[in-house]
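For reference, the structure discussed in these notes is given below.
Derivation of every value follows stated rules applied to the coordinates shown; laboratory data play no part. Note that this is a predicted model, so its numbers are computed, not measured. Neighbour counts run over all protein chains shown; Cβ positions are idealised from the backbone, glycine included.
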Amino acid sequence: MSKPAATFGFRDVDASEKAGLVRGVFDRVAGRYDLMNDLMSAGVHRLWKDAVAARLNPQPGETILDVAGGTGDMARRFSKMARRAQSRRGGADAKVVVIDYNAEMIAAGREKGSEPEMAWAVGDAQRLPLPDASAEAYVISFGIRNVTDVQAALVEARRVLKPGGRFLCLEFSRPVTEALQRAYDAYSFKVIPEIGARVAGDRDSYQYLVESIRRFPDQRTFAGMIAKAGFAQAGYTNFSAGVAALHTGRAL
């Protein structure tokens with residue numbers, strides 16, 4: 001009987017091995033993760049993240065899960081927006097929980113500082129340390145392609161959301177034209193690993209990250225997976241002509 005497989009870049013590996021392999025990647029890149037994001041995207045990732053935060057529209061009293069939240073880049077946005085809404089409208093404090101499988105990424109985030117609304121936890125997106133129906137919103141940014149079983153992570157997202165809760169997933173995706181796809185492939189495979197080698201001293205990790213993007217489902221396929229997990233209104237918005245996409249849904 002063959003063992004279940006999972007993708008790790010362009011390789012297929014035993015599913016039981018993927019989590020450890022991914023942990024190794026992020027152990028190595030944690031210290032330069034935010035700097036590398038700026039260099040690889042020429043800062044455009046910040047615009048994508050701002051758009052996600054605006055779409056989420058955090059409110060006072062909400063519990064917001066920032067899964068695969070790493071260094072807390074998104075969580076800080078959510079915290080500040082919820083606090084501004086609270087100053088206008090009143091209400092209870094929001095709670096923004098950063099959950100990441102990698103302790104080194106959490107440590108790097110803590111070193112950058114926290115907002116009062118933020119809490120930090122090490123946890124697995126496929127088995128979140130949270131009760132059923134405990135959050136108003138679930139956000140995962142550039143992380144879901146790194147989990148061993150993407151469908152299981154989506155089902156888990158549905159489990160922890162209250163009925164009507166918002167699901168938002170920002171992920172690299174498929175450019176909308178073949179010409180753009182070719183240009184993006186050329187940049188990704190030739191430039192990004194070289195930046196990783198020069199700045200982070202780690203070509204292999206960034207080679208994996210580029211390959212993992214290519215193995216991830218396209219926009220329509222992933223939207224179908226979100227719907228299958230129990231979300232209504234599953235849809236997506238392309239950013240930068242499909243280089244990235246924001247996928248959304250509502251918990252049924």
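Results, tabulated for the structure shown:
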{"read-out": "Percentage relative contact order, region 143-215, counting C-alpha pairs under 8 Å, at least six apart", "value": "26"}
{"read-out": "Length-normalised contact order for the chain - Cα pairs under 8 Å, 6+ apart - percent", "value": "20"}
{"read-out": "Separation of alpha-carbon centers, region 4-61 and region 70-122, rounded to whole Å", "value": "17"}
{"read-out": "Which of P193, A241, F231, positive extreme of dipole for region 189-252 (C-beta unit charges)", "value": "F231"}
{"read-out": "Normalised contact order of region 1-123, rounded percent, pairs of Cα under 8 Å and 6 or more residues apart", "value": "23"}
{"read-out": "Point-charge dipole on Cβ atoms (K/R +1, D/E -1) for the chain, about Cα centre, debye to 20", "value": "640"}
{"read-out": "Charge tally in the Cβ shell below 10 Å around F167, where Lys, Arg are +1 and Asp, Glu are -1, F167 excluded", "value": "+3"}
{"read-out": "GNM result for the chain, Cα springs below 10 Å: residue of A179, A229, A19 fluctuating most strongly", "value": "A179"}
